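Take a look at the structure below.
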Amino acid sequence: MSRHAPRPLPGFDRVAPPRPTAQQLLTHGQTIVLVLGVAGVATAAVVSPLTVARTGVAVSVALYLLVLGHRTLLFVRGARTGTSWQVSDDEARDMPDDALPSYTVLVPAYGEPEVLPAVIASLQALEYPRAKLDLRLLLEHDDLDTRAVAERLAPAAGMTVVVVPPGGPRTKPNACNVGLVGARGQLVTIYDAEDHPEPLQLRRAAVAFSRAPRRIACLQARLTYHNATQNTITKWFTSEYDVWFRYLLPGLVASKAPVPLGGTSNHIRRGVLDRVGGWDPWNVTEDADLGVRLHRAGWRTGILDSATEEEANSDFVNWVRQRSRWYKGYLATWLVHHRHPVRLLRQVGWRGWLHLTLFVGGTPLLAALNPVFWALTLVWMVFGANAVQQLFPPVAYHASLLCWVLGATSVVYSALYAAREQRRFSLVPSLLALPAYWVMMSLAASKAVLQLVLSPSYWEKTVHGLSPARESTDVAA
């Protein structure tokens, strides 16, 4: 494996600095377009409210069908192709230590002194030569409790404590950018403070990079949960992650589409990370944004057949906070990358744009729209309201019915399929109540839309350490 960043492929200079950032969510031009659009719809609603309402329903239903069809296509492609880089235990261990690249591991943490001992133990268990490991614990300057624990444990574990200075946004990507300064690894990855990567993950990534074409700049390992059976929420969450990382993301890779990265365990060539400007410190889903920027710059992402265990959120309020941040970041990412639509189309092509719009933009948008259609359905069923019926002429009505049948069937089927393939049979009973999980998603999406307007860069902290002792699950490749 080369010790230097690969030479840029044709088109790498197409994303000129300064790179787009979510610090200012809408540009002046986007604001003008939005205001004119809202004013146009409001004027039309005054003139012909029924026509505007019917058009809104028709557009929403069409978008639903496109997103559902897209998800189904990705799932099928992911299940059929099994697109991932596989490195056996023997192959991972056979690469000589002196041939391995240096590796920087960034571990951002905030207000989590109680989980530091566990993550440090997990990092100590990594099978990688210590002389080539650059372990960096990233802490906020005023997080005194976590810093006290880190200063006691980190030196003995061979970790460098990096204190993030005041002045920038208090976000994970800002901490990662600070941690990257002075980092010496040729490869870089991120682990959250509650993560437990399987011990051979770094070696697997190094071997995979040595085999991969140089345009593969990032390898995303799978994420799974160690407390899958704690309660119904963790079962739903685990099932969703299984579908996401085993089928949907591989489906995007097989489709040669932009891949929104997971928040941790994405392994990146340092030279490429520098070229695309690191992480956007103002984007609350910096991982998804980075995946899109890599694709726009001509690089590609692969899936690494290795797993990192995390803690599934087991608390309803905490889960909504976390999911609303993810949805808000997805919407912000879509808006940021559409500041220059023509340039975006040139860089990713119309197919790439369609994947980006339906997956990154469509996921939170439809979740936010769900309560509107549920409310309309409830009003129609209870009151038989003629006004609701008028919104759904035959074509729209039958298309809406197809959305419901296709959507419910495909989502439940994909979850059951993943549970069977992974032999997680304990998850199956909870999947029969999966529609309740959609209600949670819609609540989170509605909150995300509101926060996108009021506080787009506000990072809602997810509380960790709510699960019992770590369960034993399969984290092998």
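Structural remarks
- Residue within the stretch 433-446 that is buried (at least 17 other Cβ atoms within 10 Å of the Cβ), in contact with a Leu (Cβ under 8 Å, 6 or more places away or on another chain) and modelled with pLDDT under 85 present: no
- Of all residues in the stretch 394-417, those that are closer than 13 Å to residue 432 by Cβ have Cβ atoms under 7 Å from Cβ atoms of residues that are buried (at least 16 other Cβ atoms within 10 Å of the Cβ) and of a type in the set (A, V, I, L, M), 6 or more apart or on another chain, in 411/434; 412/431; 412/434; 415/243; 415/431; 415/434; 416/431.
- Hey, residue 405 closer than 25 Å to residue 443 by Cα, among the aliphatic types (A, V, I, L, M), surrounded by fewer than 19 Cβ atoms within 10 Å (Cβ to Cβ) and over 22 Å from the mean Cα position of the chain (by Cα) or not: yes
- Long-range neighbours under 8 Å by Cβ, at least six apart or interchain, first residue under 22 Å from residue 169 (Cβ atoms) within the stretch 24-44, second among the charged types (D, E, K, R) and modelled with pLDDT of 90 or more: 27/339; 30/339
Yes/no per residue for (1) in contact (Cβ under 8 Å) with a residue 60 or more places away in the chain; (2) basic (Lys, Arg); (3) at positive phi:
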residue	(1), (2), (3)
148	no, no, no
186	yes, no, no
190	yes, no, no
211	yes, yes, no
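- Options 223, 133; residue that is in contact with an Asp or Glu (Cβ under 7 Å, 6 or more places away or on another chain) and under 16 Å from residue 265 (Cα atoms): 223
- In the stretch 90-110, the residues that are touching a residue at least 60 places away in the same chain (Cβ under 8 Å) and in a helix (DSSP H, G or I): 91, 92, 93, 99
- Restricting attention to the stretch 111-144, the residues that are more than 23 Å from residue 168 (Cα to Cα) and assigned to a helix (DSSP H, G or I) add up to 12.
- Any pair with Cβ under 7 angstrom, 6 or more apart, that starts in the stretch 445-463 at a residue that is of a type in the set (Ser, Thr, Tyr) and ends at one that is surrounded by 13 or more Cβ atoms within 10 Å (Cβ to Cβ) and assigned to a helix (DSSP H, G or I): 446/368; 446/371; 458/451; 462/318; 462/321; 462/322
- When residue 323 is tested against the conditions (1) in a helix (DSSP H, G or I); (2) over 15 Å from the mean Cα position of the chain (by Cα); (3) charged (D, E, K, R), the lone failure is (2).
- Residue 244, sole failed condition from (1) in contact (Cβ under 8 Å) with a residue 60 or more places away in the chain; (2) surrounded by fewer than 23 Cβ atoms within 10 Å (Cβ to Cβ): (1)
- Among the residues of the stretch 386-437, none is identified as outside any helix (DSSP H, G or I), touching a Ser or Thr at 6+ places or on another chain (Cβ under 8 Å) and polar (S, T, N, Q).
- Residue 202 assigned to a helix (DSSP H, G or I), within 23 Å of the chain's Cα centre (by Cα) and at pLDDT 95 or above: yes
- When residues of the stretch 292-347 are limited to those that are touching a strand residue (DSSP E or B) at 6+ places or on another chain (Cβ under 6 Å) and over 20 Å from residue 193 (Cα atoms), the one surrounded by the fewest Cβ atoms within 10 Å (Cβ to Cβ): 300
- Enumeration of residues in the stretch 221-270 that are more than 28 Å from residue 351 (Cβ to Cβ) and outside any loop (DSSP other than H, G, I, E, B): 224, 225, 232, 233, 234, 235, 236, 237, 238, 239, 270
- When residue 262 is tested against (1) closer than 17 Å to residue 85 by Cα; (2) buried (at least 23 other Cβ atoms within 10 Å of the Cβ); (3) without any contact (Cβ under 8 Å) to a residue 60 or more places away in the chain, just one condition goes unmet, and that condition is (2).
The values are calculated or read from the model by the stated rules, or taken from the named source; none is laboratory data. If you're wondering where the values come from, they're calculated on a predicted model, not measured in any experiment. All Cβ positions, even for glycine, are placed from backbone atoms using ideal geometry, and neighbour counts span all protein chains on display.
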